[in-house]
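Below is one structure, written out as structure tokens; the observations come after it.
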């Protein structure tokens with residue numbers, strides 16, 4: 001194994017190009033271990049070191065690692081037919097999956113499912129669908145979108161435009177025109193209601209003011225994550241999305257819910273739209289759809305949105321992806337849904353998420369450097385501050401890198417992120433055992449104590 005690992009390390013140093021990653025870090029074997037095996041909520045590197053994956057890969061391994069049932073379903077499909085072009089023909093698992101998703105999703109049982117191969121493509125497809133939908137109805141001036149500052153929606157050019165993360169956008173301009181942005185419902189530091197104890201809905205009023213300023217007749221879609229990932233599991237008030245839905249209905253704007261992370265049990269409900277009791281016009285899904293056993297995503301539209309493209313005599317939606325609806329990926333998704341339903345993992349996410357959040361509150365809630373513990377289900381964020389009483393931000397350079405490294409050394413994989421203020425993001429597989437949650441909390445507590453000594 002040592003020789004093999006040495007060869008792999010050389011290839012990493014010379015040939016591998018990881019995503020959003022400074023590749024010179026990969027020369028440090030301790031900070032860039034080569035992962036080789038997974039089971040449940042744990043993974044092992046090539047040296048045999050064990051880690052608890054508190055990030056579920058990248059918010060996607062919802063049913064956990066090592067699910068032979070999914071592998072067997074994929075192999076069975078490979079033995080039948082491994083590829084069918086969705087430019088020309090339906091395939092069996094893709095058809096069954098479309099029917100199953102339509103019955104499950106808030107867009108309704110007559111929804112249309114447009115498969116792609118991942119989250120960015122799902123968002124790209126949803127944006128194109130929204131703009132094309134309006135044109136088919138004669139609203140040729142509707143090309144603008146409204147999304148939130150600091151929100152992440154993907155890296156393809158349309159998705160990049162609706163991204164609210166300036167450093168990700170800046171190198172690739174000019175971007176797709178028409179993207180507008182509003183503040184997130186970030187109550188802990190909200191300029192309107194942070195000190196009021198409850199949301200004033202001024203953040204939703206910002207959306208209304210922007211629609212009025214831009215002209216409602218020019219806005220095609222509003223796109224939002226139910227719980228915003230970037231910034232650390234930012235939750236909205238219950239009334240927020242009702243107001244957004246009402247605004248969209250009033251002005252003929254489509255509401256796109258980006259459920260790439262929030263979908264398939266992450267929040268303790270099947271979808272974030274269920275969590276907030278709102279019906280979107282289009283939903284984007286990926287990640288937990290297959291629990292990352294195979295690449296698959298989709299843009300799912302209500303029958304009303306799909307009708308201008310699918311009705312009798314209508315021209316088709318002029319968009320496609322070679323690997324969209326790949327039969328092997330769809331077989332994986334069907335087996336994944338079987339596991340989720342049989343093991344009641346959505347409810348388990350709600351129950352274990354409550355346990356996780358309470359455990360964090362009991363362990364570190366009074367820590368001087370912990371400002372906020374937030375989230376829903378097994379999608380949590382711990383915002384760090386210099387002073388708990390004043391909410392003064394931590395400005396230490398490279399803090400998030402140090403946090404991630406220290407947690408990794410102790411066998412916990414998570415994400416420390418500073419796209420707003422520094423947060424530790426925790427989003428483990430939905431089948432994580434309680435003892436692994438206990439270890440994560442104890443480890444986070446130990447690392448925060450070490451951080452306090454640095455300051």
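For the modelled label position 7 Å from the Cα of residue 392 along Cα-to-Cβ, which residues of segment 175-195 have backbone nitrogen atoms closer than 19 Å?
189
With a point put 7 Å past each Cα toward its Cβ, work out how far residue 87 is from residue 170 in nm, to one decimal.
3.9 nm
Using only Cα atoms, figure out Rg for the chain and give it as a multiple of 2.2 N^0.38 Å.
0.98
Would you order 329, 291 from fewest to most other beta-carbon atoms within 10 Å of each residue's own beta-carbon?
Placing the least packed residue first, the sequence is 329, 291.
For residue 312 and residue 210 in the same chain, what is the full-extension length gain: residue separation times 0.36 nm, less their Cα-Cα distance, in nm?
The span from residue 312 to residue 210 would gain 33.0 nm if fully extended.
Could you sort the peptides 385-397, 41-53 by per-residue average Cβ neighbour count (10 Å cutoff), highest mean leading?
41-53, 385-397
What is the extension gain from residue 128 to residue 344, computed as 0.36 nm multiplied by their sequence separation minus the C-alpha to C-alpha distance, in nm to one decimal?
Result for the pair: 74.3 nm of gain on full extension.
Is it possible to state the helix-based mean residue ellipticity at 222 nm for the chain, with each DSSP H run of 4+ residues giving -39500 (n - 2.57), the sum divided by total residues, to the nearest 500 deg cm²/dmol? What is it?
Details: 15 runs with 178 residues, N = 455.
Calculated from helices alone, the mean residue ellipticity at 222 nm is -12000 deg cm²/dmol.
So how do 415, 37, 68 line up by other beta-carbon neighbours within 10 Å, fewest first?
In order of increasing Cβ crowding within 10 Å: 68, 37, 415.
Taking the simple approach of a point 7 Å from Cα along Cα-to-Cβ for both residue 49 and residue 434, what is their distance in nm?
Here the answer is 3.0 nm between the modelled labels.
Which percent of Cα pairs goes in each bin when the distances of segment 90-172 are cut into 10 angstrom slices starting at zero?
The calculated distribution, bin by bin, is 16, 35, 35, 14, 1.
Using 0.36 nm per residue, how much length does the chain from residue 96 to residue 251 gain when fully extended, once their Cα-Cα distance is taken away?
52.3 nm
When ranked by the protection proxy of mean other Cβ atoms within 10 Å per residue, highest first, what sequence do the peptides 428-440, 250-262 form?
Per-residue mean Cβ counts within 10 Å order the peptides as 250-262, 428-440.
Mind jotting down a quarter of the surface of the convex hull over the alpha carbons of segment 281-323, in square nanometres, one decimal?
In nm², the orientation-averaged hull projection of segment 281-323 is 3.7.
So what's the projected area for segment 98-140, the Cα convex hull averaged over all directions, in nm²?
Reported value for the Cα convex hull: 3.6 nm².
Based on other C-beta atoms within 10 Å, arrange 144, 452, 242 from fewest to most.
Arranged by neighbour count, lowest to highest, 144, 452, 242 become 452, 242, 144.
Roughly what % of Cα-Cα distances in segment 263-388 sit above 21 Å, to the whole percent?
Result for the distance tail: 57 percent.
Just to be sure I understand the model, the point goes 7 Å from the Cα along the line to the Cβ. What's the resulting residue 217 to residue 361 distance in nm?
It works out to 5.0 nm between the two label points.
Highest mean first, how do 225-231, 443-449 rank when packing is the count of other Cβ atoms within 10 Å averaged over residues?
225-231, 443-449
Just so you know, all these numbers are worked out from the coordinates, no wet-lab data involved. Just so it is clear, the model here is predicted, and its values are computed rather than measured. Cβ coordinates were reconstructed from backbone atoms using ideal geometry, including for glycine residues, and neighbour counts include every protein chain displayed.
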